[in-house]
Structure formats: C-alpha cells, structure tokens
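This report refers to the structure that appears directly beneath it.
The values are calculated or read from the model by the stated rules, or taken from the named source; none is laboratory data. Just so you know, these numbers come straight off a predicted model, no measurement behind them. Positions of Cβ are backbone-derived with ideal geometry, glycine not excepted, and every protein chain shown enters the neighbour counts. Quick note on the areas: whole protein, heavy atoms, side chains included, nothing else; ligands and nucleic acids left out. Shrake-Rupley method; radii C 1.70, N 1.55, O 1.52, S 1.80 Å.
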Amino acid sequence: MILKKKIIIGTVSLLIAIIIYSFLWGRLFPFSPIIIGFEQKEFNKAVIYYRKSNNVSKCITIDSLMNEVEDFHQLKFKKKAKIFVFNSDKEYTRRTGHKTRFVAFPLYGRIFVSAKAKKESEEGKIHMDVYLKHELSHSLLFQNMSLYHSCHFPGWLLEGIAVYNADQRGVDGYLTKEETLDKIRKGYFLNPDEWGTLSRKKGAKNFPLPNKYWFIYSEFACLVEDLIQNYGKEKFLQYMTELLEEKDDKKVFQRIFGIEFNEYVDYFKIRVGYNSE
C-alpha cells in the first residue's frame, strides 16, 4: 500500500514537472501566464521579447502597424501584443511546435518570429512589416474571441483577412491578384472548406502546385476582397465580427450575404472564369 502511494505521488509529481516545463520552455509556452528568460522592449501597444544581442529595430514601426490593423478590422487590441523574436530556430520550434517563419497563437494572441525570418529580413529577402501586419491580424482577432471560438473561426477567412489586410499579394513570392485569378482560370482552386481551422483536408494537403501556400493564401485574399467589393465592407465586417462569438459560420454567412456559402463560392468561380478541364 505504501509502495503504491509512493508510485502515485511520484507519477503525479513527474506530470506536474512536465507541465511546468512545457509552460515555461516547451510547447505550452504560447499559453503560459509566466514569461522568463527574455529581454524586452516596450512600445505603446506591444512588447517585443528577444534574446540578448538580438536586433529588434525592424519592429520599431509596430505601433503604427497595429493602428493600421485596428483600423482595417474596426476592432481594438484588448491588451498589448506580445511578439517573440528568436535567435535559434531549434528553440522556436521547441516552444511553438512550428517550422514556419511566423506563427500566432489563440488566447493571448502571441506572435512568434523565427530566427530564419529575422535573418531573411536582415538580408532583404522578406518584408518584415508585411509579415508582422499579417500576424497582427491573427493576434487582434484571437484577442477578441475565446479559445473555444478560435477553434471554429473559418481557417480560410482567418488567412484571407490577414493577407488582404497586409496587402501581401505579390510580396515575397505570394501571387498577385492577377496571377491568382489566372491560376483559377487554368483550373486551380482550393475549396475554402478544405482549409480547416484545426486541420487540413486532403484537397489542401495534395494541392497540385509548387509553393502552394503562395497561391492558396492569395486565393483566400481574393475571396475576402470579392465579398467586400460586392457586398460592402460594413457587411463583411459584420460577418467577421459575428464569427468571433458564433460557431456556425455557414448560417451567419447566409443570413448576412443572402446566399449559401458554397453557392457563393461556385458563383465566384464562374465570374472569374474558372476552367476545370
């Protein structure tokens, strides 16, 4: 009995130690209430966390970028944005579980910048401001919705808004609007429902284009732009805002735009000249 009790206590203690480690230095760090081991630079609307000797001068425009993002979304950040800039991609992946250049997480809306992204920005290969504006869109929406609703907010809409807001089409490899529409006319199109909030369906995983994300993200931005142009920005923002608290995106879409979502997608494809042959 004593041995069994010791085993239980030991197991519980180990689990607690693993959880604490994960929050402070591992995969749960994006949701950790405690931040240790970083230098920090405070701005009016954001805090940049970085390692010693890390140059964060590229983030100097963060306040103005956040003002632009708030203006486009007609929402306000509820708290200062927290942006983490890494010197090591290994540490970046350990703390986020991602290998992408940038990633934003729900709940606190924290933004993570990889060492690769920092290096490519310093070398002039990517535009840091554009990428930050993209991630700030995610952060703003995440700050204005619950963790539960972040699991249901349409993935295509999240990325489409971010790309359109950041004017990212035609930047650093992303297809321009015309290049995107040309691809659609040639038969390339990803149904937005294939881009799940928490996972990617077969169509997205097997999409037959090299650098497929440059097309897919630009396609979603084209859909956002089309909704704004055809129904007005006020209705679009109503749709976006209601989804911060509403799970059934298809129901909200039909009520606000007066058309079933998949019917709208089919109509969009016809209007731009989609050719499946």
Filter pass, K233 being touching a residue at least 12 places away in the same chain (Cβ under 8 Å) and either under 26 Å from M66 (Cβ atoms) or more than 21 Å from the chain's Cα centre (by Cα) (or both) = no
Residue satisfying all of: in the stretch 242-255; surrounded by fewer than 17 Cβ atoms within 10 Å (Cβ to Cβ) and not acidic (D, E); nearest to S137 (Cα to Cα) among these = L244
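Return yes when T197 is within 26 Å of Y92 (Cα to Cα) and touching a Cys at 6+ places or on another chain (Cβ under 9 Å) and no when it is not.
On the way: within 26 Å of Y92 (Cα to Cα): yes; touching a Cys at 6+ places or on another chain (Cβ under 9 Å): yes.
The answer is yes for T197.
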Given the structure, is F38 in contact (Cβ under 8 Å) with a residue 40 or more places away in the chain and under 18 Å from Q143 (Cβ atoms)?
-> no
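Just give me the residues in the stretch 1-37 being touching a strand residue (DSSP E or B) at 6+ places or on another chain (Cβ under 8 Å) and open to solvent by less than 30 Å² (accessible area, probe 1.4 Å), in sequence order.
P30
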Looking at L107, is it touching a residue at least 60 places away in the same chain (Cβ under 8 Å) and out of contact with any Gly (no Cβ under 7 Å at 6 or more places or on another chain)?
-> yes
Tally time: how many residues in the stretch 26-35 are of a type in the set (S, T, Y) and in contact (Cβ under 8 Å) with a residue 40 or more places away in the chain?
-> 0
Which listed residue, of W214, W156, is in contact with a Pro (Cβ under 6 Å, 6 or more places away or on another chain) and modelled with pLDDT of 95 or more | W156
Please enumerate the residues belonging to the stretch 165-202 that are buried (at least 20 other Cβ atoms within 10 Å of the Cβ) and either under 17 Å from the mean Cα position of the chain (by Cα) or at pLDDT below 95 (or both).
-> N165, A166, Q168, R169, Y174, P192, W195
Taking first residues from the stretch 144-164 that are of a type in the set (G, A, S) and second residues anywhere that are not in a helix (DSSP H, G or I), the pairs with Cβ under 7 Å that are 6 or more apart or on different chains are S150/P106; G155/W195; G155/G196; G155/T197
Pairs, first in contact (Cβ under 8 Å) with a residue 60 or more places away in the chain and within 17 Å of Y164 (Cα to Cα) in the stretch 207-228, second assigned to a helix (DSSP H, G or I) and open to solvent by 10 Å² or more (accessible area, probe 1.4 Å), C-beta under 6 Å, six or more apart | F220/E159; A221/Y164; V224/Y164; E225/Y164
What residue, of L223, L141, L136, is aliphatic (A, V, I, L, M) and out of contact with any helix residue (DSSP H, G or I) (no Cβ under 6 Å at 6 or more places or on another chain)?
-> L141
If we scan the stretch 216-235, do we find a residue that is open to solvent by 30 Å² or more (accessible area, probe 1.4 Å) and hydrophobic (A, V, I, L, M, F, W, C)?
-> no
Report yes if some residue within the stretch 83-103 is within 16 Å of the chain's Cα centre (by Cα), under 26 Å from K235 (Cα atoms) and touching a residue at least 12 places away in the same chain (Cβ under 8 Å); otherwise report no.
-> no
